[in-house]
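Notes for the one structure printed next.
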Amino acid sequence: MAVRELTALCEEIADCPNCALARTRTQTVPGTGPAPADVMCIGEAPGAREDATGEPFVGPAGRLLDELLASAGLSREQVYIANIVKCRPPGNRDPQPEEVAACRGYLERQIALVDPKVIVTLGRFSMAAWFPGESIGRIHGRARRVEGRLVMPMYHPAAALHRGDLRPVLVADFQKLPALLASPDAEAPFAEAAEAAGPAPARAEAAEAAEAAAPPPQAPLL
């Protein structure tokens, strides 16, 4: 039932006219993966390759995401992958608040159908949908319960392609997922572990530079 409803939702997204990105996209990139799924990874917006293929996280960032999932004992086939914005912003610019808002209802419906135990946000824009005003350098790798769901913010894989020192940080964060899935009510120890595993305070500011500027605060997603 969920798979059929997701298929229908993707068809609806394909014809979406809700913002200016509808005039510049090649095609929409709704998301891929099973439903239900224990883990849902949510990035920021499609890039040029995603716009051409209609698939999320292809190219170098997608290959790194596959490696990160493998480090946690997961595969792409087990995880639902989507973005907060379903169309490519021209020139791969940052998604605008009105574009995020236009896709918000679609993402909420995807989350309800996938019903993940853990949502992994990838990048600042995705993180801000649940943790407005927060710093990804401070809270990455911490699982928090928001509106009944566990949400773990992480750096975007593309950031690690530009800053090699973020790769082990991402690996360490992804490797927390198996234990979190096994004990989904035990998020507090992961917050403590994140403090130990994350960049030292002196380096956190530099790590922040690998991500795009934080968006304006948004209300948490349901």
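The values are calculated or read from the model by the stated rules, or taken from the named source; none is laboratory data. Bear in mind that the values here come from a model prediction, so they are computed numbers and not experimental data. Cβ sites come from the backbone with ideal geometry, for glycine too, and all protein chains shown count toward neighbours.
Would it be correct to say that Met152 is within 20 Å of Ile84 (Cα to Cα), assigned to a helix (DSSP H, G or I), modelled with pLDDT of 95 or more and of a type in the set (A, V, I, L, M)? For Met152, the condition - within 20 Å of Ile84 (Cα to Cα), assigned to a helix (DSSP H, G or I), modelled with pLDDT of 95 or more and of a type in the set (A, V, I, L, M) - is not met. Each residue in segment 140-149 was checked for being of a type outside the set (Lys, Arg) and surrounded by 20 or more Cβ atoms within 10 Å (Cβ to Cβ), and 3 of them qualify.
Report, by residue number, each residue of segment 97-131 that is under 24 Å from Thr26 (Cα atoms) and crowded, with 17+ Cβ neighbours inside 10 Å. Give the steps one after another, and end with the answer.
Here is the first cut: in segment 97-131, the ones under 24 Å from Thr26 (Cα atoms) are 97-110, 122-123, 125-126.
Answer for segment 97-131, where residues must be under 24 Å from Thr26 (Cα atoms) and crowded, with 17+ Cβ neighbours inside 10 Å: Glu99, Val100, Ala102, Cys103, Arg104, Tyr106, Leu107, Gln110, Leu122, Gly123, Phe125, Ser126.
Within segment 63-100, the set of residues being touching a residue at least 24 places away in the same chain (Cβ under 8 Å), in a helix (DSSP H, G or I) and not acidic (Asp, Glu) comprises Leu64, Leu65, Leu68, Leu69, Ser71, Arg76, Gln78, Pro90, Asn92, Pro97, Val100.
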